[in-house]
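**Q** I have a structure I would like to understand better, so I am pasting it below and will then ask my questions one at a time.
The values are calculated or read from the model by the stated rules, or taken from the named source; none is laboratory data. Predicted, not measured: the structure shown is a model, and the values here were computed from it. No Cβ is skipped: glycine too gets one built from the backbone with ideal geometry, and neighbour counts run over all protein chains shown.
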Amino acid sequence: MLKELSIKNFAIIDDIKVEFTKGLNLLAGETGSGKSIIIEALEIVLGGRSSKDMIRAGEEKAIIEALFFVNDDIKELLKQNGYETEENILILTKEISKHYPSVSRINGRPITINILSSITSKLVDIFGQHEHQSLLNVANHQTLIDSFGDHEFRDLLDKINCDYNLYKNEIRKLEELNISSHEREREIDLLKFQIDEIEVANLTKDDDVKLEDEYNKVSNIVNIITGLNHIKNIINDSSYDNFSVLDLLDRTISILNSIYKFDKSLEEYFSRLQNIRYEVQDISRELIYYSEGLEIDEERLNFLKDRLDLVNKLKKKYGQTVDQILDYKNRILKQYEKLINYEKEIEIIENNILEIEVRLRKNSEILSKKRLEISNKLEELISNELSELNMNNVKFKVNFEKKDKLSSSGLDNIEFLISTNPGEPLKPISKIVSGGEMSRIMLGFKSILADNDKIPTMIFDEIDTGISGRTAQIVGEKIKRISKKHQVISISHLPQIAALADSHFVIDKKTVNGKTQTSIKKLTDDERIVEMARLLGGVNVTETTLNHAREMIEMSKKINYY
């Protein structure tokens, strides 16, 4: 159940906190005082859309916070979504900022709107004053019927939806294959040319970096030989006025050999220089040997040049690396084989479509039977509910027609029919009922759903629009009956409903320092009587209206709501 709702800097609300109770919580107040703004704030913190325009004028951000006491089912749902909590407390927070994106949190941790909505849909059901308009849209009638389905029903509906997506995907694949013969042959020729071009090249991993490295070596072989000969001369060759590296090293070693006996610390350098001299000599020999093995190979150079041109040409067309070129070949090879085996591929896909279609029709027929069972029970339940809601002699019927095509929700076109007066034929519900009647019909649906679902909190936002007198009393008693199994929060102007409240709140709007502020107060028993009298008599509260208010409250306590 919803325990607390805190709203700060939202619309005309400065800073309020409401502590709700079990049973029926009534929100009352003058028109425009902010009752619906409170419900709107609750919708937003539950995952509804928000806007920067909702921030109170002159403020930087609005904050809405809702505290719930939750049961084990909700705790398990939280755990499945990665928001495990050991306590039975759930705190939802919505922060709407002028300068940053809005942020939703659950127990202090950020959460996406989709996950939040999947959780809060199990916490609160909001029945707005215009929700009954959904009955005017025939597309919603099937959704309402399906909402009464059990776990097995929903599994079947999910299976049909999944199969339908597979069915559409196979049809899409078939359409892609159903190109003209001329286009197919042209595509086959193009793919065959590309495959042959890549395969003839016989590419290897060496054709990437190693090929270019070898080409650089062979094309510069003269420069390499010249350079190596020059190095050989520097290291080995000496003349009258020019000493080689080895000559200079020998002289250095000789000098150290003559002096290190005077300073033993120099012996180490003598030894190291000897090692360097041998290393330089070895390097010289190896470079000479390497140089002798080099030769100018014009034939190899031409081969490498042609090979490099071929590889670069393929890279420009099919990929930047050899691996990418080969991956491309594998992809088009599959496409080529699919086109070559066109008839076989068509047959496979058509068989898949037929298999899925048979399964879809079978499951859709089973779903239709289940919907019919639900509808038969629902017709009786709705008729009873409407009778209790002072809509006597009303006939309610769920009409079924078969769809022409398969769909993700089965084969049923469902529409609600109603006859509100004896002797009148059944007609579409959208054509013959008034706003007040539509509200009561929707309340009938909600009442039945309330007996079946486990949503702990239900909110009714001015569903009493268009009703009065005895009908208002009946609607109030129906809401009160729902509140025995669910926490109910209701906005109402009617004294008949106010008299049934377990907790009565009054919302007031006033101007402070040039700014409009909304406040909310839970009424004491005496204050509640005065407010009831105001609802009964308008501005002038008399002793008669006060007595009438006391009588209505006392009488409401004596009614059996079970």
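**Q** Cβ-Cβ distance below 7 Å, separation of 6 or more or different chains: which pairs start in segment 287-313 with a residue that is in the same structural domain as N220 (by TED's automatic domain parsing) and in contact (Cβ under 8 Å) with a residue 60 or more places away in the chain and end on one that is surrounded by 15 or more Cβ atoms within 10 Å (Cβ to Cβ) and of a type in the set (F, W, Y)?
**A** Going by the 7 Å Cβ cut-off, the qualifying pairs are L304/Y215; K305/Y215; L308/Y215.
**Q** Can I ask one more? Every residue in segment 403-415 that is of a type outside the set (A, V, I, L, M) and part of a loop (DSSP other than H, G, I, E, B), please.
**A** Residues satisfying the conditions are K403, D404, K405, S407, S408, S409, G410.
**Q** Sticking with this structure for a sec: Note down all Cβ pairs under 7 Å where the first residue falls in segment 1-15 and is in the same structural domain as V488 (by TED's automatic domain parsing), the second is hydroxyl-bearing (S, T, Y), and they're at least six residues apart or on different chains.
**A** Listed by first residue and then by second, the contacts come to M1/T457; L2/T457; I12/T516; I12/T518; I13/T518.
**Q** Also, I was wondering about something else. Say we look at segment 496-509 and pick out the residues that are crowded, with 22+ Cβ neighbours inside 10 Å and part of a loop (DSSP other than H, G, I, E, B); which of these is farthest from the chain's Cα centre (by Cα)?
**A** Result: A499.
**Q** Follow-up. Mind listing whichever residues of segment 451-495 are closer than 19 Å to E43 by Cβ, buried (at least 21 other Cβ atoms within 10 Å of the Cβ) and at pLDDT below 75?
**A** The one that is closer than 19 Å to E43 by Cβ, buried (at least 21 other Cβ atoms within 10 Å of the Cβ) and at pLDDT below 75: I463.
**Q** Only residues that are among the charged types (D, E, K, R), assigned to a helix (DSSP H, G or I) and in contact (Cβ under 8 Å) with a residue 12 or more places away in the chain: list them for segment 378-402, please.
**A** The answer is E379, E385, E388.
**Q** A follow-up question, please. Pick from segment 234-267 the residues that are over 19 Å from D282 (Cβ atoms) and acidic (D, E): which of them is modelled with the lowest pLDDT?
**A** Looking at the filtered set, the residue picked out is D241.
**Q** Here is a further query. Enumerate the strands (runs of 3 or more DSSP E) found wholly within segment 21-108, keeping only those where 2 or more residues are among the β-branched types (V, I, T).
**A** Counting at least 2 such residues, we get 61-69, 89-97, 103-106.
**Q** Tell me the residue from K210, K232, K261 that is outside any helix (DSSP H, G or I) and among the charged types (D, E, K, R), please.
**A** Result: K261 is the single residue among K210, K232, K261 that is outside any helix (DSSP H, G or I) and among the charged types (D, E, K, R).
**Q** Which residue is nearest to K17 (Cα to Cα), if the candidates are limited to segment 502-520 and must be in contact with a helix residue (DSSP H, G or I) (Cβ under 8 Å, 6 or more places away or on another chain) and not polar (S, T, N, Q)?
**A** Of everything passing the filter in segment 502-520, I520 is nearest to K17 (Cα to Cα).
**Q** For the subset of segment 351-377 comprising residues that are closer than 22 Å to F396 by Cα and of a type in the set (D, E, K, R), which member is modelled with the lowest pLDDT?
**A** K377
**Q** Those residues that are more than 18 Å from T252 (Cα to Cα) and in a helix (DSSP H, G or I), I need them from segment 276-297; list them, please.
**A** D282, I283, S284, R285, E286, L287, I288, Y289, Y290, S291, E292
**Q** Let me ask something else. Does F20 count as under 26 Å from V512 (Cα atoms) and in contact (Cβ under 8 Å) with a residue 12 or more places away in the chain?
**A** no
**Q** Restricting attention to segment 510-545, which residues are buried (at least 17 other Cβ atoms within 10 Å of the Cβ), part of a helix (DSSP H, G or I) and not charged (D, E, K, R)?
**A** I529, M532, A533, L535, L536, T545
**Q** Related question: So in segment 282-311, with the set limited to residues that are of a type in the set (V, I, T) and over 13 Å from Y215 (Cβ atoms), which one is surrounded by the fewest Cβ atoms within 10 Å (Cβ to Cβ)?
**A** I296
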